[in-house]
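Asks: Below is a structure I'd like to ask you about.
The values are calculated or read from the model by the stated rules, or taken from the named source; none is laboratory data. Because the structure is predicted, anything quoted here is derived from the model rather than measured. We place every Cβ from the backbone using ideal geometry, glycine too, and count neighbours over all the protein chains shown. Remember, those area values only see protein heavy atoms, side chains included, never the ligands or the DNA or RNA. Shrake-Rupley method; radii C 1.70, N 1.55, O 1.52, S 1.80 Å.
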Amino acid sequence: MWSKEICAGLIAASCLGFMSSSFANDSPVRQLKGVYRGTANINCLESQGGFTPGLQYQLTGYANRYTDSSMNTLVFHGDGTMTENVQGTTYFQGDPYMTGGLGAGTFVGTCEHAVTMKTNKGFTLKGNCSGFLPFGPAAGLDSIVEDVDSQGQISEDGSIIVIGGTEPDANTLKLSNGYVAQRLCGGSATYVRLR
């Protein structure tokens, strides 16, 4: 025969288990939990002198423009964080004030982002990236990109993510040789859930 205490304990445990399961499944951040893979194409303007409020170069140092094309793997941990593994190529479009500013280079890196969910399955990503530049003008150098900020949207069934931004993302590039520059970047990326 079951005692009242055992019955009450089992009912309470069942209710708590059901409630925690319901909250976990309903959590918008947990809806993103999983591994996604896809491609990104980002255009950047870079200036050691920074930029004016009108988004123009302040030519007090080196300036450049380029496109990054990469294959990325995103791991959303379900706890409000995301890790991104990146591998790609930079296509330099040349500096109008410097001859020989054309070329390409490669990069590999890892980014750590904080994920904030918004309404209608939208979210923001904020974080930093660290990497290495195997080939190109800065071959052999380590890199850090600080203050990366972008926006994303997840499909209704959670199988596809698109990431981009409506305004340029202002971030900072630092290389291991002491080079520091401000960047304005924008582009788009599409990812498909693997698991």
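Asks: Among the basic types (Lys, Arg) and loosely packed, with under 14 Cβ neighbours inside 10 Å: does that describe Arg183?
Replies: Considered against the rule, which asks whether it is among the basic types (Lys, Arg) and loosely packed, with under 14 Cβ neighbours inside 10 Å, Arg183 comes out as no.
Asks: I've got another one for you. Considering each residue of the range 68-90, count those that are open to solvent by 20 Å² or more (accessible area, probe 1.4 Å) and at pLDDT below 95, and give that number.
Replies: The qualifying residues number 1.
Asks: Tally up the residues in the range 171-195 that are among the aliphatic types (A, V, I, L, M) and not in a strand (DSSP E or B), please. Working first, answer last.
Replies: Taking the range 171-195 as the starting set, the residues that turn out to be among the aliphatic types (A, V, I, L, M) are 173, 175, 180-181, 184, 189, 192, 194.
Checking the rest, the ones that are also not in a strand (DSSP E or B) come to 194.
Qualifying residue count for the region: 1.
Asks: Could you tell me which residue of the range 155-170 is farthest from Pro53 (Cα to Cα), considering only residues that are in a strand (DSSP E or B) and at pLDDT below 95?
Replies: Checking each candidate, the answer is Gly164.
Asks: Filter the range 133-146 down to the residues that are not in a loop (DSSP other than H, G, I, E, B) and not acidic (Asp, Glu), then identify the one that is most open to solvent (accessible area, probe 1.4 Å).
Replies: Ile144
Asks: Residues that are in a strand (DSSP E or B), touching a Leu at 6+ places or on another chain (Cβ under 8 Å) and loosely packed, with under 14 Cβ neighbours inside 10 Å: does the range 96-115 have at least one? Show your work before the answer.
Replies: Here is the first cut: in the range 96-115, the ones in a strand (DSSP E or B) are 98-115.
Adding the requirement that they be touching a Leu at 6+ places or on another chain (Cβ under 8 Å) leaves 105-107, 113-115.
Checking which are loosely packed, with under 14 Cβ neighbours inside 10 Å leaves us with 114.
For the range 96-115, residues in a strand (DSSP E or B), touching a Leu at 6+ places or on another chain (Cβ under 8 Å) and loosely packed, with under 14 Cβ neighbours inside 10 Å: present.
Asks: Shifting gears a bit: Looking at Ser176, Ser130, Ser150, Ser155 in this structure, which one is surrounded by 15 or more Cβ atoms within 10 Å (Cβ to Cβ) and among the hydroxyl-bearing types (Ser, Thr, Tyr)? Can you show your working first?
Replies: Working: Ser176 fails: surrounded by 15 or more Cβ atoms within 10 Å (Cβ to Cβ); Ser130 fails: surrounded by 15 or more Cβ atoms within 10 Å (Cβ to Cβ); Ser155 fails: surrounded by 15 or more Cβ atoms within 10 Å (Cβ to Cβ).
That would be Ser150, the only listed residue that is surrounded by 15 or more Cβ atoms within 10 Å (Cβ to Cβ) and among the hydroxyl-bearing types (Ser, Thr, Tyr).
Residue-wise test of (1) in contact with a Gly (Cβ under 8 Å, 6 or more places away or on another chain); (2) under 22 Å from Lys126 (Cβ atoms); (3) in a strand (DSSP E or B).
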site	(1), (2), (3)
Gly49	yes, no, no
Gly54	no, no, no
Met71	yes, no, yes
Gly88	no, yes, yes
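Asks: Right, something else. Answer yes or no as to whether Thr110 is closer than 22 Å to Arg37 by Cβ, in contact (Cβ under 8 Å) with a residue 12 or more places away in the chain and polar (S, T, N, Q).
Replies: Yes; evaluated as a whole, the condition is true for this residue.
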